[in-house]
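The values are calculated or read from the model by the stated rules, or taken from the named source; none is laboratory data. Bear in mind the structure is a predicted one, so any value in this text is a computation, not a measurement. When we count neighbours, we look across all protein chains shown, and the Cβ atoms used for this are built from the backbone with ideal geometry, even at glycine.
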Amino acid sequence: MAEPRSRRRGESKNSQKMENAIILTIKELVHKGRAVTGASSLFSSAASHSSSESSSKNPNSRPGSFDSDLSCKFLAPLNHPAVIVGTIALPSKTLICPNRYCFRFSDGDMTICCDILKFEIRAIGSKICVLSWNFLPMKHCGGFLEIIKWKFVDTGNLLSRCSGIGSFPLLPSLFPSQNDDRKSRYSVHGVLESISPVSVVSCMDGESRDSVNLPGFLVHVMACECKSYSQNAAVGCSHAFEKSVFVYFCGLVVTSWHPAIRKLVGRNVALSGLKKKMIYVRGDSLLVFVTTESSVLHPPCISKKQIVLKTVVDRRGNCGSYLGFVKGVYLKGKLVEMDEDVWLLLTDQILNRSHSIRTDSLICIRNVHFVNTKSSWGEVLILGACFKTSITVEFFSPFETSCLVDSCRQNSFSRFIESLSFPARFWALLVRSCFQKFNGIPSEKEILRSCQKDELTKMYAESQIPSFMFQPRGGIITEFCMHESCGCNSEAHDCNLKLVMPISSFVQHYKVMLNELLSQINKNSSANNCLCHSSSTWKRDNHTNTKTLGSDDIGVILLGKLKISSSGRLQLHDRTSSIDVLTPDLLSDRNAHRIFEVSEYNLIMEGLPESMLHMPFLHNSFRCRNVVNPTPLAIENTLTVRFSLSLGTGSCKHVYGHHSLDWRHDLNEFKGKMFHLFTHKFPMLKNGHPGMPDCTSVFVEAIVLPLELICSVTEEDAAAPDFEEHDTSQEIRPHKRCKTKNGLQRERALSVPHEISCQMTIRCASSHCLVSAATLSNLKEKKSVNMLNAKRVLLEFIPECSNYYQALQIGGCYLMKHGTDDSFCAGRSGISNNDKISFRPETRLWSVEFSFDEELTHDGSVDVYPLVSSQPSLVEKQHVSSPQPCSDVSLLLPYDAKGLFSVFLKNLEELNKPFAAGKNNNNISCCTHLETIMQAEPSQVPPSNSLFPEGNLASFRGDVVAVDAVTSSVVDVSSSYCINVLVNHQIVKIFGPLRRHSYLTGFGPGASATFYRILGTGEDNRFVLTSASFIKINSRKAPDGRQLEKPAQQAALCLPKVTPQEYVPCMLAGPACNSFSGNKDNQQIKSACKVLSVYLLILQTRSDDPSENECRNNFDIPLAGFVVDDGSSVYLCWTSGERAFTILRLHEAFPEEDIDVAQWTKRDSTRETTVYHLEQIVRVHKRIVMKCSGSQIDTLFRDITVAVTSDQLLAKSEDTFLKWLILNAISGPLWEVAASSMDMKMIAHLEREQCVEIDTSRLNLQNVWGNEVCQVDPLVRAWSLLQGLLNS
Amino acid sequence: MDRSLLNTHAKLVARDIHCLTQSPTEPNSFSLVGGSAFVSHVETVGTIVSRDLTPKFLKFDVDDGTGCVTCILWLNQLSSSYFSRWDPATILLLTRAARKQAAKIRIGAVARVRGRVGSYRGVMQITATVVVVERDPNAEILHWLECLRLRPSYRIQS
């Protein structure tokens, strides 16, 4: 701090020691506006106070344990002793402070709020010298002064400190003492137990007979029953403080004593000049002493209390005292974190919260409720503040943390919070903090336009909190005087409410848990000398090891908005993070602003190491701190586990609960409106591609049905739904038989009259259903419906409508509202096959499914009959007595109409096949097991010489049994995975370049999936995923075969392609890499290059333990140098670990025709990768260093040296294999390498580290370190080059 | 003259390859059109339009839309005197690698050819060292764009 404009304190005659101290003025502090501490003054003064106080000058030396946030900054100290001289005063209206009842500190020029340690009543109005202090700037009144140490400036006229004698009239004595007033003759002497907040009582003014609001507060004193207070009675007298007495401090001036009296809680006080008054509380009379104009306060003697610097709990019954450090203040001071899982609730708006309750201050809370809550997510001790609670700050925080400022406004949310029991209050506040994570509240609904987050929280909490957790409030006087019998004393401690968490904290919790588990496993395995899978091993191989946890065990609710990520995944997101979601019944109306509540789900953790699957999961409690303060901890990311949520039917609900508004909105959408029906046949290939700007349209192929739906819903009809029910499954459907007007008798009829009555069930956003009558008709043409008239069209989705494109399901049927100028209507009759229809952003779609009411044959049950060939068969559905609608709209049609749709279905089925149907075409029946639709038998095509794989495309549905890393190449050499699918009791193998990041959410063993456009290879039951393939996950089963949820028919997801941004190349950073990671200034350059030669290759085993050598890939490449060429220059690219594995193409299948390896290879399906063979060699020789100085192929093997560590000589075949490795690397694809340059120092470091001589001067090439390596995606790179060329 | 590109495989389209001129001073070096840079190795991507297999070599033409370049892939490693002092196992390895590449060179395939550029009877041709058959049809377009991008660094004047 700069030298202030100040006076030397030489003129002060009192203190010789303070001669060098500078006297600061309040104005200077406020003007500077900086948080500073003058605690250094402590050193310079001869402290007469207890030495324990000195601890506050050095927070690091404090014995109290605290793990304060590292982001906290210490208050800036002054570099010189500085004191402040001024006067402490009681609060008055001259200083407007939101906290209302703060002490004031004035140095003549300016007045600010203050708090004071070691308070004495006689300090009020006296001139004091503040020796040690903290100053914090505040918006409201300039600043806040925390007085740590002080002394009287003029002690001459003061009594000795411990005399205990002193009288302080509560009112300034303007008039001579009216001791003759007989009414005010009573005295109270005792221990001040508690003090109430200041409240306002409306009463009649005696003179003007007007109603005036008189502030006042109550104190509870355990008094001695002796008749009068004797001033001679000092502490320690034989008084017995057993009588409970209430004293009411009444009037504006007297009330200003509130902060002073609050400081006296727990100490002896005496009050004289009181009058008695009888009040009635809940019908009972209660004697209360009331202060008068002549009331006098006799403060206690100051006793040197033992200050304890740790958490102290003193409990009597439900109430008690708590002394502890504040760890965090949240939600404007309503929620204060004390210790681990101890939370103080300061929810009553009237409570006086001191400014000095800051993070890391030591506070003493008296008369606070102790509420232990246990729930599935953890255990928390809640300290519930009531009207009796008083909080005093024992030590101020040395950190620069913000002051607590009361908002003072009492809104409906705060009233709502106050009406709850403490556990419910705590829960509601956590919810409130979660809602803070949303920055746009839905604007669609009228009610929400005016809604704030408080209101939303209130609405949500009201719907969740059971009625017994609400408690009636009786007002300050009742609750203070009749505390024991009041509601807040009889808490319901069982908190069955699920914790609402931000997504990042939720995921973080499980990441921490998995890391703990992993370290435990590693510990165990090293102890047992077991095989240990290194992290990199299972990173590659165990993508499909999944574990699921049910929401009942987790006990957490997630709130979020739904969006589809750029990679095509449906995600639940809040401001903190996002998580992939699998849901069976997503409403098409995915308004991006709607907040959903996800309460029933299964958390799927994919990619666990094998060893973890058999370990019981740790049941760590959730930390509430992570809810209110979701700052992710920095965790060493050793696990690459993917988290996703699998939702059950109806478990994704809108948060806000105004159902009537919701359905009214939906009703208006449907009332009397006409809709077009179309079905989404097959996704055309998306024009766009990751990496390309999203400015192109996308297309889908669709079939427009020759039908319109007319909804005849009326308000009266719609009033019928029972809005008390939350679950759609409880919805009672009137099984009214709907008849066609001209009854169609036989299923085989191909056409029906132009109108079919049906029952329409509309699923509203609030998970409720509207049931209404509707008509399917062919109004336009006024003639019989003939499904064969369905037109095949191309729907174009302009970029603004891409959201709709993402939402469309293969084979799904959709409704689109009819408009006068919609694309379906314009020249409707003119729509012909292969027309292109454009979608507009304002167009809204609803998914629709069909069901057929069959009175006679199905025991009243309803067949859900979605028009999708890949839907579960009817057999599955027959077990479902009351099917739940998964679509937005469900149409219940008369059974007669089934014929019509079965024809259509058949028609669709044929169309759905992307290849000309073969001779088995007629065998497909809509009513047969659709699981057997794997009719696309791979035709036996003769081996072809074509460059591209040839074969027929197929679509089929089956259960995924296993996903293995590929062990042989089928058609596509780059296949890296083989998916084993059980289709109709036969195992089908699907190969594909499915990489880690193109993994579908929830995909893996146990998933029932439909595979579209899978290429038959000509071999039996062998298929290949192509870029045109789509995988739809229908449902997931737990590994033991138990179905996790209802079939998720519509959870279709297309196979997203890997984007370069997503691709995280194997980050097996070797020690060498780490040494360069510090080179921050080194700019990373990306280039596409090919390998010309392998300059240096070091291969070594990971461990000397022979038992571990049984593990796969038990060798490492600590360093490799590749000569690479990007077309403009040649350089030497150094890298290590997995990146070197990638460039050497070690994970690819080993082409046996290249090299004769028969002598050390046995045919085994698991041993067909290059890496396996190489491992055999490395295992024998421990460490191999290969140097090859030629950079062109003709000079490649001219000067090659191979050195091994083992005693054995390198066999000829091994030598050949190593040479082949180089040849294999140079005939590899183009690699995209992100590299940073290296200087000679780094090369020297590498040489030292690897004990190898790297003579780079011979090649005279630039050295770079390859940080990331991945294969170039020609299209992505071409697109970015084009953009660059166009822009240049 | 700029010799910095001599070790680099210059990405060129067939038209530019045919415009290369033999350096009067440097053997096996060719200067680019109007440019001041020398190249000795090139890379091109195109469709294989002809294939002529002899016992000693495979001659094939690569058409990239701007022209057609003849490429030679030597298959005579076992009999060539050039390799006579080499380790037989290594020669066998190289032979196998060359024959494997030759087997992949089929008419219609899109191939990336890297090799030394030379002039044979007045016509430019590439002695291929590595031939990679591209599976992605976009590889050809990528090559065109790479060629365009690199033209300034090759100092090719349009």
- Note on the structure: The residue from A:559, A:586, A:582 that alone is farther than 18 Å from residue A:509 by Cα, of a type in the set (A, V, I, L, M, F, W, C) and at pLDDT 70 or above is A:582
- Item | In segment B:4-26, the residues that are among the basic types (Lys, Arg) and more than 12 Å from chain A (Cβ to nearest Cβ) | B:15
- Message: Please go through segment A:1258-1267 and give me each residue that is at negative phi and either surrounded by fewer than 20 Cβ atoms within 10 Å (Cβ to Cβ) or within 14 Å of chain B (Cβ to nearest Cβ) (or both), ordered by number.
- Response: A:1258, A:1259, A:1261, A:1262
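Which residue, of B:79, B:119, is more than 10 Å from chain A (Cβ to nearest Cβ) and in a loop (DSSP other than H, G, I, E, B)?
On the way: B:119 fails: in a loop (DSSP other than H, G, I, E, B).
Only one candidate qualifies: B:79.
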- Which of the residues belonging to segment B:27-43 are away from chain A (no Cβ under 14 Å), buried (at least 16 other Cβ atoms within 10 Å of the Cβ) and over 12 Å from residue B:154 (Cβ atoms)? B:29
- Among the residues of segment B:122-158, how many are among the hydroxyl-bearing types (Ser, Thr, Tyr) and more than 7 Å from every other protein chain (Cβ to nearest Cβ)? 3
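Looking at A:203, A:224 in this structure, which one is crowded, with 21+ Cβ neighbours inside 10 Å and modelled with pLDDT of 65 or more?
Answer to the check: A:224.
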- Task: Please indicate, with yes or no, whether at least one residue in segment A:97-108 is under 48 Å from the mean Cα position of the chain (by Cα), among the hydroxyl-bearing types (Ser, Thr, Tyr) and modelled with pLDDT under 85.
- Result: yes
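Could you check segment A:1170-1257 for helices (runs of 4 or more DSSP H) lying wholly inside it with 2 or more residues that are over 30 Å from residue B:135 (Cβ atoms) and within 12 Å of chain B (Cβ to nearest Cβ)? It would help to see each step written out before you state the result.
Numbers: elements: A:1170-1181, A:1212-1226, A:1240-1250.
Helices (runs of 4 or more DSSP H) meeting the threshold: A:1212-1226.
Within segment B:44-55, track down each residue that is over 15 Å from residue B:131 (Cβ atoms) and either β-branched (Val, Ile, Thr) or surrounded by 14 or more Cβ atoms within 10 Å (Cβ to Cβ) (or both). It would help to see each step written out before you state the result.
Let us first name the residues in segment B:44-55 that are over 15 Å from residue B:131 (Cβ atoms), namely B:54-55.
B:54 - this is the single residue of segment B:44-55 that is over 15 Å from residue B:131 (Cβ atoms) and either β-branched (Val, Ile, Thr) or surrounded by 14 or more Cβ atoms within 10 Å (Cβ to Cβ) (or both).
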- Message: Filter segment A:975-992 down to the residues that are outside any strand (DSSP E or B) and either modelled with pLDDT of 80 or more or surrounded by 16 or more Cβ atoms within 10 Å (Cβ to Cβ) (or both) and list them by number.
- Response: A:975, A:976
- Query: Would segment B:5-15 turn up any residue that is more than 24 Å from residue A:1195 (Cβ to Cβ) and either at pLDDT below 90 or not small (Gly, Ala, Ser) (or both)?
  - Reply: yes
- Message: Within segment B:13-29, does at least one residue satisfy the condition of being in contact (Cβ under 8 Å) with a residue 40 or more places away in the chain and assigned to a strand (DSSP E or B)?
- Response: yes
- For segment B:83-113, name all the residues that are buried (at least 17 other Cβ atoms within 10 Å of the Cβ), at the interface with chain A (Cβ under 10 Å from one of its Cβ atoms) and touching a residue at least 40 places away in the same chain (Cβ under 8 Å). B:109, B:110, B:111, B:112
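For every residue, the table says whether it meets (1) in a strand (DSSP E or B); (2) in contact with a Lys or Arg (Cβ under 7 Å, 6 or more places away or on another chain); (3) not polar (S, T, N, Q).
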| residue | (1), (2), (3) |
| --- | --- |
| A:91 | no, yes, yes |
| A:100 | no, no, yes |
| A:109 | no, yes, yes |
| A:113 | yes, yes, yes |
| A:118 | no, no, yes |
| A:135 | yes, no, yes |
| A:143 | yes, no, yes |
| A:150 | yes, no, yes |
- Message: I'd like to check something: does segment A:1132-1151 contain any residue that is in contact with a Leu (Cβ under 6 Å, 6 or more places away or on another chain), within 14 Å of chain B (Cβ to nearest Cβ) and modelled with pLDDT of 80 or more?
- Response: yes
- Task: Select from segment A:1272-1288 the residues that are farther than 13 Å from residue B:146 by Cβ and at the interface with chain B (Cβ under 7 Å from one of its Cβ atoms) and list them in ascending order.
- Result: A:1275
- Message: Being modelled with pLDDT of 85 or more and touching a Leu at 6+ places or on another chain (Cβ under 9 Å) narrows it down to one residue among A:308, A:290, A:313; which is it?
- Response: A:290
- Counted residues in segment A:459-479 being part of a helix (DSSP H, G or I), within 30 Å of residue A:202 (Cα to Cα) and not acidic (Asp, Glu) come to 3
